[in-house]
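Bear in mind that the values in this text are calculations on the coordinates, not laboratory data. A quick note: this is a predicted structure, and the numbers were derived from the prediction, not measured. Cβ placement follows ideal geometry from the backbone for every residue including glycine, while neighbour counts extend to all protein chains displayed.
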Amino acid sequence: MTTLRYLTAGESHGRRLTAIVEGCPAGLALDAAAIDGDLARRQLGYGRGARQQIEKDRVAILGGVRYGRTTGAPIALAIENRDAASWLDTMAVEPTSQPVEPVRVPRPGHADLTGAQLYGADDLRDVIERASARETAARVACGAVARRLLSLFGCVVRSHVVAVGEVTAAATASPAALEGVDADALRCLDPVASEQMRAAIAAAGQEGDTLGGVFEVVVFGFPPGVGSYAHGDRRLGARLGAALLAIPAIKGVELGLGFAAARLPGSRVHDEIVWSAADGYGRATNNAGGVEGGISTGLPIVVRAAMKPIATLMSPLRSVRLGSHETVEAHVERSDVCAVPAAAVVGEAAVALCLAAAALERFGGETADELAAAVEAYRDRLRRS
């Protein structure tokens, strides 16, 4: 079965992040500039910390692409960490007789303590460096490959921020509106809410606190009939949920009406089925968010993810020092006040990777042309059914 999968490696302050994308068909047009565009978008957003002023993420394509097109071999990607030059002693690969001072105080809400318990680490730096959301830069690079693959059959993946803290936006996510969302500092479609979000982030920063929020990913043009009801792990909604929950700090995911559907009668939840000579079967509404019975409907896929506040606080919470067990303030690591706009871009990558893999499993194709032709033939059959 043809599918798409990826692996990433590297630490937050190591020399570079590395990624391998396997299963991409041959003949797909791909260049570094397209990937760099998404990497730059990941660094946007009001509330980001000083790290974004240091790193100017650029990808190097090291394998799997020749003369601007994929070869069918695994695609190797690398992103240099410019800040690594200041961390050479801390992140030295070879054994050293003079190790730096270990980090022994875990941060509440982070992987510090659970990671140390899992791997038996007595220096939390071993956990901090890989658990850091810096890894998502590599994931966004992989997602750019998947986004390019989806574009073969007219599929577009976009995102926007719908809430930060207690501020919620009121806006409709149309394709035209989402085209310009990056121009807003919060990547929010509601100008009034965006201004209120900035004020809330500024206030939280002054108090040494952090804020989370909710972002929405909307996918236009994904074909119907992808996924399955036969097995739980093949249900498209389950795969989308897993992909988004794999992003650091994501604590909840919903499709379409999501949790609101639990408070409404069925007559106001389920999408009535319609038919037209031009388009065939369809739905009168899209409360299901483009996924019904574990299978895509052909309507826009709408999925939202809730991001908790960042765990590193400049006004630290209480913690316990490893070894001595004394009560102290939590460790402070350079961080953001709010990263919801960036998380939305990571969410796009996660959704794109999930949908590209599902589409390849459904339609197959060792070349880009074969995949595009298979999707078009399927759509044509549905229009005539």
Which of Val219, Val181 has the fewest Cβ neighbours within 10 Å, and the rest in rising order: Val181, Val219
Helical mean residue ellipticity (222 nm; -39500 (n - 2.57) per DSSP H run of 4+; nearest 500) of the chain: -9500 deg cm²/dmol
Stokes-Einstein diffusion coefficient for the stretch 5-384 at 37 °C in a medium of 0.692 mPa s, Rh from the Kirkwood formula over Cα pairs: what value in µm²/s? 148 µm²/s
Top positive-direction residue, dipole computed over the chain with Cβ charges, set Leu17, Val65, Gly27: Gly27
Can you name the helices of the chain, as whole DSSP H runs, whose Cα span along the helix axis is 27 Å or more and whose Kyte-Doolittle mean is not below -0.5? 340-363
Please work out the Cα convex hull volume for the stretch 1-156 and give it in Å³ per residue. 161 Å³
May I ask you to sort Cys338, Cys155 by Cβ crowding, counting other Cβ atoms within 10 Å and putting the fewest first? Cys155, Cys338
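Which value results when the Cα radius of gyration for the stretch 227-371 is divided by 2.2 N^0.38 Å? Before the final figure, lay out each step's value.
On the way: Rg = 20.7 Å, N = 145, 2.2 N^0.38 = 14.6 Å.
Compared with the compact-globule rule of thumb, the stretch 227-371 sits at 1.42.
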Which value, in debye to the nearest 20, gives the size of the charge dipole of the stretch 5-384 about its Cα centre, when Lys and Arg are +1 and Asp and Glu are -1 at the Cβ? 660 debye
